[in-house]
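Chemist: Got a structure here, written out as structure tokens. Questions coming.
Laboratory data are not the source of any read-out in this text; all were calculated from the coordinates shown. Note that the coordinates shown come from a computational prediction; the quantities given were computed from them, not determined experimentally. Cβ sites come from the backbone with ideal geometry, for glycine too, and all protein chains shown count toward neighbours.
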Amino acid sequence: MREKQELNIDEIISTYKKTVYSTALSHTGSKHDADDVFQEVFLVYFRKNLTFQSEEHRKAWLIRTTLNLCKKVTLSSWRKKTTSLESAPELSYNFSSYEENSVHTALRELPQKYSAVLYLFYFEQYKTEEIGKILKISTGNVRIRLKRARDLMRAKLENLKGEYFYE
């Protein structure tokens, strides 16, 4: 079933740019890699000339494609053999508050299977059933990953807190 009115590529980018970019940034940990993934996602979309049954289906496809491209970037042999310029303190990306920086740092350090479910659940407000469809895993597996991801995040945030504050 095709949509009655297809959006042009500019409207698609305008509508989904925040979702795609923030997903890419949270999974690559680098503004430069996130920029590359962002461009690649919409290039793939444009080249494939896809049509979707609904906007939710389009959004899910864009998120799934973003996650796949992030995985491709983060697992590349080139990336493993190089050191990012962003690792230098003066070039690292900083949010406006300590809490946001801590959460971003902890999220980046999680394995991708855990950071993906946390991101989709808390930032994109998807339900566990929808996350399961996007990631092609069972709802039970989504819930298990969310539990494990929360536990890992809690431990990482407590460690970060211990590094900056003396009790």
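Chemist: Output the pairs from K31/K59; K31/K72; K48/K133; K18/K133; K48/K127 with a Cα-Cα distance over 26 Å in this structure; if there are none, say none.
Modeler: Too far apart for the 26 Å limit: K48/K127.
Chemist: On to the next question. For I9 and K136, calculate 0.36 nm times their separation in residues minus their Cα-Cα distance, and state this gained length in nm to one decimal.
Modeler: Stretched fully, the I9-K136 segment lengthens by 43.1 nm.
Chemist: Here's a follow-up. When ranked by the protection proxy of mean other Cβ atoms within 10 Å per residue, highest first, what sequence do the peptides 111-121, 133-143 form? Could the numbers behind the result be given before it?
Modeler: Working: 111-121: 20.5, 133-143: 15.7.
Top of the packing list down: 111-121, 133-143.
Chemist: I'd like to compare 19-26, 40-47: which one has the highest average count of other Cβ atoms within 10 Å, and what's the full order after that?
Modeler: 19-26, 40-47
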